[in-house]
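Let me begin by presenting the structure, written as structure tokens, before commenting on it.
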Amino acid sequence: MEEQPIIIKRKKKVVAGHHGGSWKVAFADFATAMMAFFLVLWLTATATPEQKLAVEGYFKDPVGFTEGGSPSPVDLEGSASVIQESTQDVAPNQIQLKDETVDQLSETLEQRRMQELFQELQERIEQSETLKEFKDQLLIDITDEGLRIQIVDRSGRPMFDSGRAELKYYSQDILFELADTLGTVNNKLSITGHTDSTPFSGRPGYTNWELSADRANTARRALVAGGVRPEQIARVVGLSDSVLFDKENPRAPVNRRISIIVLNKKTADDIQSGASRPDKPLIDLTQPSEEQQQDAMKQLEGDDWFNQPDEPAPGELNW
């Protein structure tokens, strides 16, 4: 009897196949659609009636909006149109400053220039043999009018001979040295002559006022000869002994001095505006009204010679 062959059947387990990633794309689209939907709901809830009408008009006639209307029918105050509208009147790279800010910046810059000139003069005094010898007679400071240089008398070293307006040779050298630096600035200069209160006999009718003015004018000529431009001179004044340096000792030599002020712009403009007043008398001498007298007094209060003491009696002359 023949042996039957043994047949073994093995069942193959079927494993589920890979479904792919299409469901992920569908889920992402669904999430995006839901986000857009909630965004539309939020915009609808927060939009004003005017904005809703603008959206409605856009969907009804989109061509009209693009051909003459606004490309952004709903403006949430963060679009490019708002930025363009707010900056369309301002030129690129243009900074707008108030007049007060400009004036403050100008004054700050001018003060800095005065400080630089102060340092330059100090260095020149130390480097110049002529100025270094007389540095104890050179007083430099910064005032409301500008940079002030005072050349004062010392005992035994006066700038002028007694009762005269001619410079000593060393006084002329000092002014020449200062003129080299002062001639390089663009500021106007003011020159003032001062005397002390020592009375002495002199020419009849010639007082401290004439003497201080003549000395100031002599200093002006020396500065111009040394390099200062004539148009730089804005004011030459003689103040006699009305503005003493040492008020406790009116006869001290230090009261005899020449003051040179490098004027700041404000003071120079005030001097110029005062010189360019309308051509009319301050007081109508024929029949002045009370209003005219008050206006005249206000104008006089701004002048340097206002409130000065009376001139000394004829025959008395100071340094």
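Observations, loosely collected:
- Flag if LYS11 is of a type outside the set (Val, Ile, Thr), exposed (fewer than 11 other Cβ atoms within 10 Å of the Cβ) and modelled with pLDDT of 55 or more: yes
- Residues that are closer than 23 Å to GLY274 by Cα and assigned to a loop (DSSP other than H, G, I, E, B) do occur in the range 217-239, at least one of them.
- Flag for GLY238 being surrounded by fewer than 17 Cβ atoms within 10 Å (Cβ to Cβ), closer than 20 Å to LEU138 by Cα and touching a helix residue (DSSP H, G or I) at 6+ places or on another chain (Cβ under 7 Å): no
- Out of ASP153, ASP161, ASP196, sole residue that is in contact with a strand residue (DSSP E or B) (Cβ under 7 Å, 6 or more places away or on another chain), among the charged types (D, E, K, R) and over 30 Å from GLU110 (Cβ atoms): ASP153
- Test: residue in the range 247-256 that is surrounded by 20 or more Cβ atoms within 10 Å (Cβ to Cβ), at pLDDT 90 or above, touching a Ser or Thr at 6+ places or on another chain (Cβ under 8 Å) and not in a helix (DSSP H, G or I): yes
The values are calculated or read from the model by the stated rules, or taken from the named source; none is laboratory data. What you see is a predicted model, and the numbers here were worked out from it, not measured in a lab. Don't worry about glycine lacking a Cβ; one is built from the backbone with ideal geometry, like all the others, and counts go over all protein chains shown.
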